[in-house]
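Single-structure report; data block below.
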Amino acid sequence: MKNPENVRRGKRNRQRGAELQRLAVRMAKDSGLDAHNRDRGGAQHELGDIEIEGRWYGCKRRTKIAAWLKPEKSEDGVVIREDRGKPYIVLDYDYFVHILSIMKEMADDN
């Protein structure tokens, strides 16, 4: 028999992930972007959790994120890379959505 405490923990983790997905989509839509939650009901879409302007993104929510992943001082983002891997950037989501909205405006003007 499953431990009821473990079952509740799994359900709450799924709820927290879904909350993040909804928040991310709502913030993107508030900035005028075309955004959709594609991982509704735990369906685990093969391309990602959310879609913004035709691009796919995953959503990862943790109780605590490692401090070294967060921008410090007056940095706008953090470039990270594993050994022999490709680089990624960690940005504030508001800032990222703002960048996407500017890109959309520029594309619409052309």
From ASN13, ASN37, residue being on the phi < 0 side of the Ramachandran plot and at pLDDT below 90: ASN13
Single residue of ASP83, ASP94 found to be surrounded by fewer than 13 Cβ atoms within 10 Å (Cβ to Cβ) and not in a helix (DSSP H, G or I): ASP83
Odd one out for HIS45, checked against (1) exposed (fewer than 12 other Cβ atoms within 10 Å of the Cβ); (2) modelled with pLDDT under 90: (1)
Residues satisfying the stated conditions in region 50-73, i.e. loosely packed, with under 11 Cβ neighbours inside 10 Å and over 22 Å from ILE102 (Cα atoms): LYS60, ARG62, THR63, LYS64, ALA66, ALA67, TRP68, LEU69, GLU72, LYS73
Enumerated strands (runs of 3 or more DSSP E) restricted to region 12-66, each holding at least 1 residues that are touching a Phe, Trp or Tyr at 6+ places or on another chain (Cβ under 7 Å) and closer than 25 Å to VAL78 by Cα: 50-52
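The values are calculated or read from the model by the stated rules, or taken from the named source; none is laboratory data. From a predicted model like this one, the values you see are computed outputs, not experimental measurements. Neighbour counts run over all protein chains shown; Cβ positions are idealised from the backbone, glycine included.
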